[in-house]
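Report on one structure; see the data block that follows.
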Amino acid sequence: MKYILSLFLLILVSCNQVPLEYRLNYMYTSEERDSMEVRIAKEVNRLFEGSLLRQEKLDTLIALNDEKEEYFRKKSFKFSRTGRFAQGFPLIDKAVQLDPLSALYFTSWQMLFFYRDYERALEDLHYYDDISQGVNYVWGENVNYLKGLAYKQLGMYDQAVSEFDTCIEHEKSGTSEYVYVYRGIANLRHECLDDAIIDFEKAINKYSNCTMAYVYMGEAYLNTGQAEEAMKQLTIAEDLLCKGVKKTHPYFEVFDEVQLVQVYDLMKRAQLKMELL
């Protein structure tokens, strides 16, 4: 009877009718599985991130060791970057469950920029901040900067400005121009127009071709009634956009990404105001 059961299992294994983890456990010793995991993990690192072969090898790694956060996180990348969020989200959750400190360094950034789940991104960023020490970074970005972006997207402008302030305190002279741009946009939307203009000027002082700063400074000047100054900033922005100079990203739309049609709409408003003077 025992022989018959073993033969039946062998037939199922050969026909791929048994889950991968059971097939691996049946066919290989623990030492062989450990050796296989090391070898395949090295192979995965050499493969193109979105390739089908890489995903298949990650499936094998998960079958060999379903307690390693890295495998679930890496498998989620392809789904996140191709908009297949229903497939990526469970993998992210599993990675965070296994090792929050390691996983959240990557996944909280993904939650903000790919998934656009701002509440979850804030929850993850605050959690990562709590379990880390010192000035924290997520995927190379200051945590407070990312919190500020999430709050801004939720329309919570006071909280956004506070997080951007903290980022600037930490980064000092190394602060990115876009921290000032986004703090400026938060101030602009909260109708703190003078503060917004100062922020956009600081961004331009850091990077003279910061197209976003010119566009939103033009809008800020327009809202203060300074149509001629607004037109001056918008003209510079138009020239830069026509040259293809603007902040973009290959995988997602940049927050508050500027477009020529947006500049032309603001120019029309400025022109109408100047004609009425």
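The values are calculated or read from the model by the stated rules, or taken from the named source; none is laboratory data. Note that the coordinates shown come from a computational prediction; the quantities given were computed from them, not determined experimentally. Here Cβ is always computed from backbone atoms with ideal geometry, including for glycine, and neighbour counts include all displayed protein chains. These accessible areas exclude ligands, DNA and RNA; they are computed on the full protein's heavy atoms, side chains included. Shrake-Rupley method; radii C 1.70, N 1.55, O 1.52, S 1.80 Å.
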| query | Going by the conditions given, is residue 116 under 27 Å from residue 176 (Cβ atoms), surrounded by fewer than 21 Cβ atoms within 10 Å (Cβ to Cβ), charged (D, E, K, R) and in contact (Cβ under 8 Å) with a residue 12 or more places away in the chain? | reply | yes
| Complete set of residues in segment 221-231 that are touching a residue at least 12 places away in the same chain (Cβ under 8 Å) and either over 16 Å from residue 201 (Cα atoms) or of a type outside the set (Gly, Ala, Ser) (or both) | 221, 222, 223, 224, 225, 227, 228, 231
| request: Name every residue in segment 97-113 that is crowded, with 21+ Cβ neighbours inside 10 Å and small (Gly, Ala, Ser), in order of residue number. | output: 103, 108
| Looking at this structure, is residue 267 in contact with a Leu (Cβ under 8 Å, 6 or more places away or on another chain) and more than 21 Å from residue 177 (Cα to Cα)? | yes
| task | Check 216, 178, 221 and return the single one that is crowded, with 17+ Cβ neighbours inside 10 Å, over 27 Å from the mean Cα position of the chain (by Cα) and of a type in the set (Ser, Thr, Tyr). | result | 221
| request: Looking only at segment 243-261, decide whether some residue is open to solvent by less than 60 Å² (accessible area, probe 1.4 Å), part of a helix (DSSP H, G or I) and either at pLDDT below 95 or among the charged types (D, E, K, R) (or both). | output: no
| query | Only one of 183, 189 is out of contact with any strand residue (DSSP E or B) (no Cβ under 9 Å at 6 or more places or on another chain), among the basic types (Lys, Arg) and crowded, with 17+ Cβ neighbours inside 10 Å; which? | reply | 183
| said: When you check residue 229 against the structure, is it acidic (Asp, Glu), within 23 Å of residue 148 (Cβ to Cβ) and either surrounded by fewer than 19 Cβ atoms within 10 Å (Cβ to Cβ) or over 29 Å from the mean Cα position of the chain (by Cα) (or both), yes or no? | reply: no
| request: Considering (1) at pLDDT 95 or above; (2) surrounded by 22 or more Cβ atoms within 10 Å (Cβ to Cβ), say which one residue 88 fails and leave the rest. | output: (1)
| request: Would you mind stating whether residue 168 is among the β-branched types (Val, Ile, Thr), free of Cβ contacts under 8 Å to residues at least 24 places away in the same chain, closer than 25 Å to residue 48 by Cβ and touching a helix residue (DSSP H, G or I) at 6+ places or on another chain (Cβ under 8 Å)? | output: no
| remark: By residue number, the members of segment 162-175 that are open to solvent by 30 Å² or more (accessible area, probe 1.4 Å) and closer than 23 Å to residue 119 by Cβ are 162, 165, 166
| Exclusive hit being out of contact with any strand residue (DSSP E or B) (no Cβ under 6 Å at 6 or more places or on another chain), modelled with pLDDT under 95 and in a helix (DSSP H, G or I), set 228, 238, 275 | 275
| What are the pairs, 6+ residues apart or on separate chains, where a residue within segment 133-156 that is at negative phi and touching a residue at least 12 places away in the same chain (Cβ under 8 Å) has its Cβ under 7 Å from a residue that is open to solvent by less than 20 Å² (accessible area, probe 1.4 Å) and in a loop (DSSP other than H, G, I, E, B)? | 143/136; 149/255; 153/255
| Among all residue pairs at least 6 apart or on different chains, which show Cβ distances below 8 Å where the first residue, located in segment 61-88, is touching a residue at least 60 places away in the same chain (Cβ under 8 Å) and assigned to a helix (DSSP H, G or I) and the second is among the hydrophobic types (A, V, I, L, M, F, W, C) and buried (at least 18 other Cβ atoms within 10 Å of the Cβ)? | 81/114
| remark: Note on segment 116-173: residues modelled with pLDDT of 95 or more, of a type in the set (Gly, Ala, Ser) and either under 15 Å from the mean Cα position of the chain (by Cα) or not in a helix (DSSP H, G or I) (or both) are 121, 148, 150, 155
